[in-house]
Amino acid sequence: AYNLLNVRTGFINAILKQLGRDTVNFYSIPGLWPFIIVLAYLWQTTGYGSIVYFAAIMGLDPEMYEAAEIDGASAWQRIRYITLPCLRPTFVILLLFALGGILKGNFDLFYNLVGSNTRLYPTTDIIETFVFRSMIVSFNFSSAAAVGFYQSIFGFLLVMTVNWIVRKIEPDYALF
């Protein structure tokens, strides 16, 4: 991301220079960073998600597709009526895993992209980066432990609540 966004050597600014446009200092515009972080996160996780879904698709019975093709189903109909419903359990499990870590944040992504740029803190600060900075400055271990405890409790409650909802809607897809 740094190689894309750097003012002097970044790919985007190199293209802007070639087009005769002014360069953009992405690291001084806080309003852009929610979008940049979302794009970087999607870039980071797309490979893993693709592999999981591809493995689930490969586990589907090919005879279902053959029968649908013989019955005259188009490719879109096979996707809609066979593939997507069969991927629902995988989607639910991945959703529950993602919700379990939603309060944890993604320290690596935020800290490596933003670093110690105080200009971006109002739009990019998460609990982990705040605790990390407070630990560096004041060595307050008790507040860091308390934040971790609260994150664990709320994450647990969130997973339990969503799992309860999933169990009410479709019991076979619940974790427990």
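The values are calculated or read from the model by the stated rules, or taken from the named source; none is laboratory data. The structure displayed is predicted, hence computed values, not measured ones. Here Cβ is always computed from backbone atoms with ideal geometry, including for glycine, and neighbour counts include all displayed protein chains. Just the protein is used for accessible areas: all its heavy atoms, side chains included, with ligands, DNA and RNA removed. Shrake-Rupley method; radii C 1.70, N 1.55, O 1.52, S 1.80 Å.
Per residue of the chain, the DSSP helices (runs of n ≥ 4 H) give a summed -39500 (n - 2.57) that works out to -21500 deg cm²/dmol at 222 nm. Spatial offset of the range 95-131 relative to the range 7-74 amounts to 20 Å, using the alpha carbon center of each. Work through the residues other than I70 whose Cβ is under 12 Å from its Cβ and net out their charges, Lys, Arg +1 and Asp, Glu -1. That works out to -3. Panel values: the range 30-130, Kirkwood radius from alpha carbon pairs, Stokes-Einstein at 4 °C and 1.567 mPa s, translational diffusion coefficient 78 µm²/s.
Just so you know, the Cα atoms of the chain work out to an Rg and Dmax of 22.3, 70 Å.
At q = 0.28 Å⁻¹, what log₁₀ I(q)/I(0) does the range 101-176 have when each alpha carbon counts as one equal point scatterer in the Debye sum? Reported log10 I(q)/I(0), two decimals: -1.24. Computed across the range 1-75, the Kirkwood radius stands at 16.2 Å (inverse of mean 1/r, all Cα pairs). Packing, as the average of other Cβ atoms within 10 Å across residues, places the peptides 145-155, 14-24 in the order 145-155, 14-24, highest first. The calculated FRET efficiency for R21 paired with S152, based on their beta-carbon distance and R0 = 45 Å, is about 0.40. Here the simple spin-label model places points 7 Å from the Cα toward Cβ, and for L4 and I165 these points are separated by 3.0 nm.
With +1 on the Cβ of every Lys and Arg and -1 on the Cβ of every Asp and Glu, and nothing else charged, how large is the dipole of the chain about its Cα centre, in debye rounded to the nearest 20?
Numbers: 11 positive and 11 negative charges, 161 e Å.
About 780 debye.
Over the range 1-68, accessible surface divided per residue gives 73 Å², non-protein components excluded, 1.4 Å probe.
Leaving out ligands, DNA and RNA, and with a 1.4 Å probe, what % of the accessible surface on the chain is carbon or sulfur? The partial results should precede the final answer.
Values: 8320 of 12330 Å².
Carbon and sulfur together cover 68 percent of it.
For the chain, complete DSSP H runs whose alpha carbons reach 24 Å or more along their own long axis and whose mean Kyte-Doolittle score is 0.5 or higher are 33-58, 141-169.
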